[in-house]
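These notes concern the structure reproduced below.
The values are calculated or read from the model by the stated rules, or taken from the named source; none is laboratory data. Predicted, not measured: the structure shown is a model, and the values here were computed from it. Using ideal geometry, Cβ is built from the backbone for each residue, glycine included, and neighbour counts are taken over all protein chains shown. For accessibility, only protein heavy atoms count, side chains too; no ligands or nucleic acids. Shrake-Rupley method; radii C 1.70, N 1.55, O 1.52, S 1.80 Å.
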Amino acid sequence: MTEFSELIINGIKITPGTFASVMLPMPKLYDSTPISMPVHIIRGKTPGPTLCVTGAIHGDEVNGTEIVRRLLRKPALKKISGTLIAIPIVNVYGFLLQSRYLMDRRDLNRSFPGSEQGSLAARLAHVITTEILSQSTHFIDLHTGTLHRENLPQVRTDLSMPGIAGLAESFNVPVILNAPLRSGSLRQYAHEKSLPCLLYEAGESLRFNETAIDMGVNGILGVMQKLEMISIKEPAHKKFTPAFSYASYWIRAPHSGILRPLKSLGKKVSKGEVLAKIGNPINIEDYPLISPISGIIVGKSNLPLVHEGAALFHIASFEETTIITEELEYLQEAFIDTSENFEGI
Ligand SMILES: [Zn+2]
């Protein structure tokens, strides 16, 4: 059994069998307003993994913040083995600005492990790395699509890591993507330390999506169950048989214009199928957006105004797409939009 290791955050020793909230100091705003990052810690009385769950590392990805808030209310957390470190808002500055980025327009999730003397982003990353990440054994990083882009609930991870596929499955989402590492990301930090990390992507920035939030909360509980940190009888939801994808592609706009999607998130598409029409706003011309591959739509743009080259549909390819079609019907009901009604117009 894992031995209890000492846990000290911001100089505060968190002892086994306690719940603590630590406000980790960050650089002040230039008007002297103090800034701190909220860190909630639940330490069980019995040893186990130290799972770190991070929300809003991109400040406008607010679903993650709500997932952490709702997670902390779950009765299952009253008795845990090991330690849960839950951070609802990692990028406090971006959260205030309703922005993905920091004040200096740097991306915090491209700045790990950071440095003490570097940019604001590097300094923040350094504090988070030394105070939190270095004391964790497992990571779940919560994200959404970027501005005006919505993602089907999915887990992204490096499937070459031994044992990670089983951990990803325990999150209970229909799609698991083998995703390349982004330089400077929290996930890359975890990878370099050979520590398991799952990235949960669902919904859209600056929007709450109840399905995405609900699946996120239950996904974390599922992972904690798999890690034997908690004990829950039955999953609260339909159990998915996830499909693993080792390749995904963004389909970009061949023309500028007005986008009218014909396919919704979670839809299975075939190579050559029309995904959307791109219209000219000053006449009645319409250009079809053709899918160059077969797969499942796991992300899409919700903004009808597009410039040539804009990323519009994210399609994941699978060995066998029929397997997950049924699984995705459940999600399509929750994520449904009216785009199908435009078909043929
Ligand atoms: Zn993100």
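Observations on the structure shown:
- Partner lysines for residue 45 [C-alpha distance under 26 Å; skip if fewer than 8 residues away on the same chain]: 13, 74, 78, 79, 226, 233
- With the whole protein complex present, residue 237 retains an accessible surface near 50 Å², based on a 1.4 Å probe.
- Volume of the Cα convex hull of the range 88-188, divided per residue and given in Å³: 115
- Database remark: amide H of residue 255 closer than 5 angstrom to the amide H of 309 (H placed geometrically; neighbours at sequence offset of 5 or more, or on other chains; Pro and chain starts carry no H).
- The DSSP beta bridges internal to the chain are antiparallel in roughly 65% of cases.
- Rounded tilt (10° steps) of 210-226 against the dominant C-alpha axis of the chain: 50
- Look at the alpha carbon pairs under 8 Å that are at least 6 residues apart: their mean separation over the length of the chain gives a relative contact order of 14 percent.
- Of the chymotrypsin sites (Phe, Trp or Tyr not before Pro) in the range 222-287, those whose Cβ has at most 13 other Cβ within 10 Å and which sit in DSSP loop: 246
- Note on the chain: semi-axes of the ellipsoid equivalent to its C-alpha gyration tensor, largest first and rounded to whole Å, are 36, 24, 16.
- Cα lying deepest toward the dipole's positive end in the range 8-226, options 161, 148, 10, charges on Cβ: 10
- In order along the range 29-34, phi translates into HN-Hα couplings of 6, 6, 8, 6, 5, x Hz, rounded to whole numbers, per the Karplus curve 6.51 cos²θ - 1.76 cosθ + 1.60 with θ = phi - 60° and x for Gly and Pro.
- Per-residue [θ]222 nm for the chain (sum of -39500 (n - 2.57) over DSSP H runs n ≥ 4, rounded to 500): -6000 deg cm²/dmol
- The chain: angle of helix 322-334 to the longest principal axis, Cα-based, in degrees nearest 10: 80
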